[in-house]
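Remarks on the structure that follows.
Just so you know, all these numbers are worked out from the coordinates, no wet-lab data involved. Computed from a predicted structure; not experimentally measured. In this analysis, Cβ positions are derived from the backbone assuming ideal geometry, glycine residues included, and neighbour counts consider all displayed protein chains.
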Amino acid sequence: MSSPAPLRLGSIAPNFQAETTQGKIDFHEFIGDNWVILFSHPEDYTPVCTTELGAFAKLAPDFEKRGVKLIGLSANTVESHEGWIKDIGEVTGGNVAFPIIGDKQRQVALAYDMIDHQDATNVDSKGIAFTIRSVFVIDPKKTIRTILSYPASTGRNAAEVLRIVDSLQTGDKYKVTTPINWVPGDDVIVHPSVSNEQAKELFPEFRIVKPYLRFTPLPKEKATVL
Ligand code: BEZ
């Protein structure tokens with residue numbers, strides 16, 4: 001049996017229908033005109049996953065301000081998610097108000113290549129592999145803009161996922177890229193495709209460190225920290 005084509009940056013996010021904690025969804029309809037973070041965790045009622053889902057729930061208002069919808073997934077049932085969400089609230093104070101997909105058959109996990117191929121302990125009671133900690137950042141055109149893969153042992157950094165969204169949205173809006181450890185408000189880098197003449201027009205305060213490295217502050221209204 002042939003495997004699906006690998007998903008890469010720039011691929012269109014495959015569509016699917018699935019049961020979630022908020023009812024049945026068609027993924028492309030769910031995306032609509034929004035950005036979406038589709039992220040998987042290995043298993044409900046496990047320690048690292050509990051801390052992660054709590055952290056994403058607490059940052060949900062910040063994602064919303066940026067036009068981003070969150071949607072979780074694991075190879076557990078919707079009923080299992082519903083019980084676990086109560087624990088997450090109790091333990092972390094985070095109210096999981098975004099949907100979590102019940103992907104017991106691993107239909108979505110296989111389409112997005114979220115299955116664990118290395119950790120023999122990350123399996124269900126029948127020995128079938130669970131999902132890893134995947135993150136897909138998807139834009140309103142349904143294009144995959146970022147893919148992250150973390151092992152079951154390592155919790156993610158929800159603030160880093162938000163920072164990636166800030167970088168992508170800033171880069172899309174202005175012809176800039178963002179340097180190491182950039183956060184909104186920091187100087188950005190003029191995109192290599194922009195000539196110095198164009199840069200003078202677009203970014204009057206830009207400075208040339210090397211011909212290939214040109215920094216600029218964004219004007220205040222462009223650098224707004226949400
Ligand atoms: C956890 O969330 O703690 C976890 C889940 C599966 C395997 C290992 C750790």
Legend entry - Longest DSSP-loop-exposure-free segment, GluC sites (Glu not before Pro), the chain, at most 13 other Cβ within 10 Å: 1-204
Inset, instruction - Specify the angular offset, from 0 to 90 degrees and rounded to the nearest 10, of the alpha carbon long axis of helix 158-173 from the longest principal axis of the alpha carbons in the chain. - result: 40
Legend entry - Spacing of the two label points (7 Å from each Cα toward its C-beta) at Q22 and D62, in nm: 2.0
Inset, instruction - Determine the gain in length on full extension of the stretch Q107-S149; use 0.36 nm per residue of separation and subtract their C-alpha separation, reporting nm with one decimal. - result: 13.3 nm
Inset, instruction - Over the alpha-carbon set of the chain, divide Rg by the Kirkwood Rh and report the Rg/Rh ratio to two decimals. - result: 1.03
